[in-house]
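Q: Below is one structure. I have some questions about it.
The values are calculated or read from the model by the stated rules, or taken from the named source; none is laboratory data. Predicted model only: the values in this text are computed from it and were never measured. Glycine also receives a Cβ, built like all others from the backbone with ideal geometry; neighbour counts cover every protein chain displayed.
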Amino acid sequence: MLHLENVSKTYGHVRALEDVSLTVNQGEIRGILGGNGSGKSTLVKIAGGTVVPDTGSLHIAGRKAAIKSPRDAKRNGIVMTSQELSVMPNLTVCENLMLCRFPVRAGVFADRRKARQTCREMLRDLGLEHRCDAAVGSLPKNELYMLEFGKALVQDSDILMLDEITSALYSENVDIVRKKLKEYKAKGKTVLFISHRMDELYSICDSVTVMRNGEAAGTFGIDEKNESELLSLMVGGDYELGGRIESTLCEKGGRPIVKADRIPIPRYGKSVSLEIAHGEIIGVAGLQGHGQAEIVRTLHGLLGDVDMNVEGIPVTIRNPRQAVEKGFAFISGDREGEGVFKEHSIADNLVAVEDLVKRKRPGAVADVLAAIKVKYANIHQNLTSLSGGNQQKVIVGRWTSTNPLLILADDPTKGIDVLARSELHALFAGMTKRGSSLVMVSSDEQELVSLCGHSDNSRVIVLYEGAIVCTLRGADITRDNIVAATIPQKNGALS
């Protein structure tokens, strides 16, 4: 159905793709796996018409196609979503969903009744029917990505390409995506699916192509290789999944550094208390919208005043500036909205908080970038010239280089490949061993298991309706236990 032959693309001195060929059959769901900067996004952008290759050709159903724009791609039956959202915040959910396929009457007039009917049917399938008339700007991040997915589905293309559409989704959202893609496949349609979550690749895809350094390292049936074998192909060497993170017990004996007795969760009219020790890692889990993000954002002064004790001294944090001055770092998974300064260089982005930090100045830019393993040409290039994952690494490095007292992270590894995620986990663990503490929200339960399940000074707290309903430590930190704690039992209790 889709064949790219000998495709190459360079950006200045950076080689994004070199002589890559790819064939995907009709009715096949092909996973694309690769590290940040491996070329996987460039590959689908070429097929989607947002990037024009330097060399190579593209064929659809055996016919050579000239695709130089998204409009060309759509004419040839190809629709794609990218890592960056393309929704219009000033429009409603329904208007956004139908934006690319608004029905008309008599070839001219907008058929709003039919559009609304189609919209409601799609939103019902996506679990968003109640959002039909809501302003898009009011939606949480996971629902925005579900809307982006719905926009692609409603166009009913022959070839659907999804670039990390699930990176901000919770497990209940991913279940819906999985179901819809299986339905798409059953209609004889073709899907290219990029994800860094290995369990999604195995549960959704029929086959997988591994990308490394701008080249295709191989294509396999999904059952032909296990996770460690795929990751070894991805990194170009042996890689064992699930290695133990070094103990995070710090020399200061785990004494409390922050104690907050009332962190408000306004949506449920409740509050939670949290005591954080030196060198401790606290993973925060739960169904979307049950208060996880409010904990880290409130502690950083993003949601109003909050009283707490910091190293034994009562303080009131009223805004992020005060939080930073107290040694608090905040890392968001919303790279576009809350992380990067798009028009500035890598160096400028890295030292953006330098003047506010009171504890320790950042090290030399090149040294920090080397420590977090960012791939770049020079420190003065625009940050947006980097891959999404490398941009996120720069954001993480901005804070970790300042030796913070407390790292507050809201899904910080979204869009980062498996190897880079593992590297960041090791970086976090090393920092906590030196006395920093970490409170980290993640929409991926398995990530919290990897981060906290092998560490001596970690716990996972699970929230349900604005309350901490479960605390897991040591061997009890498993994906099954985390998921079970979010599910109400018949008697109203929680497992």
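Q: For residue 469, are the conditions met, namely being modelled with pLDDT of 85 or more, touching an Asp or Glu at 6+ places or on another chain (Cβ under 6 Å) and not acidic (Asp, Glu)? Give the steps one after another, and end with the answer.
A: Working: modelled with pLDDT of 85 or more: yes; touching an Asp or Glu at 6+ places or on another chain (Cβ under 6 Å): no; not acidic (Asp, Glu): yes.
Answer is no for this residue.
Q: For the condition modelled with pLDDT of 85 or more and in the same structural domain as residue 342 (by TED's automatic domain parsing), what is the one hit in 407, 416? Please lay out each step first, then the result.
A: Values: 416 fails: modelled with pLDDT of 85 or more.
Criteria check complete, one pass: 407.
Q: Suppose the filter is in a helix (DSSP H, G or I), crowded, with 22+ Cβ neighbours inside 10 Å and modelled with pLDDT under 90; does residue 424 pass it?
A: Working: in a helix (DSSP H, G or I): yes; crowded, with 22+ Cβ neighbours inside 10 Å: yes; modelled with pLDDT under 90: yes.
In short, yes.
Q: OK, next. Among residues belonging to the stretch 337-372 that are farther than 17 Å from residue 390 by Cα and among the charged types (D, E, K, R), point out the one that is modelled with the highest pLDDT.
A: Filtering the stretch 337-372 for residues farther than 17 Å from residue 390 by Cα gives 353-364.
Within this subset, residues satisfying the condition of being among the charged types (D, E, K, R) are 354-355, 358-361.
Numbers: 354: 66, 355: 58, 358: 50, 359: 50, 360: 51, 361: 49.
Among residues in the stretch 337-372 that are farther than 17 Å from residue 390 by Cα and among the charged types (D, E, K, R), the one modelled with the highest pLDDT is 354.
Q: Moving to a separate point now. Checking the condition among the small types (Gly, Ala, Ser), surrounded by fewer than 23 Cβ atoms within 10 Å (Cβ to Cβ) and on the phi < 0 side of the Ramachandran plot, which residue from 277, 285 passes?
A: Details: 285 fails: surrounded by fewer than 23 Cβ atoms within 10 Å (Cβ to Cβ).
After applying the criteria, what remains is 277.
Q: Output the qualifying pairs, or none if there are none: Cβ atoms under 9 angstrom, residues six or more apart or on different chains, first residue in the stretch 288-301 and on the phi < 0 side of the Ramachandran plot, second residue among the aliphatic types (A, V, I, L, M) and in a loop (DSSP other than H, G, I, E, B).
A: Here the result reads 288/169; 294/303; 296/302; 297/303, each pair linking the stretch 288-301 to a residue that is among the aliphatic types (A, V, I, L, M) and in a loop (DSSP other than H, G, I, E, B).
Q: If residue 62 satisfies all but one of (1) closer than 30 Å to residue 226 by Cβ; (2) surrounded by fewer than 14 Cβ atoms within 10 Å (Cβ to Cβ), what's the number of the condition it fails?
A: (1)
Q: Here is a further query. Within the stretch 375-384, is even one residue surrounded by fewer than 21 Cβ atoms within 10 Å (Cβ to Cβ), more than 19 Å from the chain's Cα centre (by Cα) and of a type in the set (Gly, Ala, Ser)?
A: Yes: one or more hits.
Q: Restricting to strands (runs of 3 or more DSSP E) lying wholly in the stretch 31-86: which have 3 or more residues that are out of contact with any Lys or Arg (no Cβ under 6 Å at 6 or more places or on another chain) and closer than 27 Å to residue 182 by Cβ? Walk me through how you get there before you give the answer.
A: On the way: elements: 55-60, 63-65, 78-81.
Counting at least 3 such residues, we get 55-60, 78-81.
Q: Further question: Output the number of the condition that residue 157 fails; it satisfies all remaining conditions of (1) of a type outside the set (Val, Ile, Thr); (2) in contact (Cβ under 8 Å) with a residue 12 or more places away in the chain; (3) assigned to a helix (DSSP H, G or I).
A: With (1) of a type outside the set (Val, Ile, Thr); (2) in contact (Cβ under 8 Å) with a residue 12 or more places away in the chain; (3) assigned to a helix (DSSP H, G or I) applied to residue 157, the lone miss is (3).
Q: Looking at the stretch 323-343, can you tell me whether even one residue there is under 22 Å from the mean Cα position of the chain (by Cα) and of a type in the set (Phe, Trp, Tyr)?
A: Looking through the stretch 323-343, at least one residue is under 22 Å from the mean Cα position of the chain (by Cα) and of a type in the set (Phe, Trp, Tyr).
Q: Restricting attention to the stretch 435-444, does a residue exist that is surrounded by fewer than 24 Cβ atoms within 10 Å (Cβ to Cβ), at pLDDT below 85 and of a type outside the set (Gly, Ala, Ser)?
A: The answer is no; no qualifying residue exists.
Q: Which of the residues belonging to the stretch 305-320 are within 24 Å of residue 265 (Cβ to Cβ) and either modelled with pLDDT under 90 or not in a loop (DSSP other than H, G, I, E, B) (or both)? Please lay out each step first, then the result.
A: So the first thing to find is which residues in the stretch 305-320 are within 24 Å of residue 265 (Cβ to Cβ), and the list is 305-310, 314-320.
Result: 306, 307, 308, 309, 310, 314, 315, 316, 317, 320.
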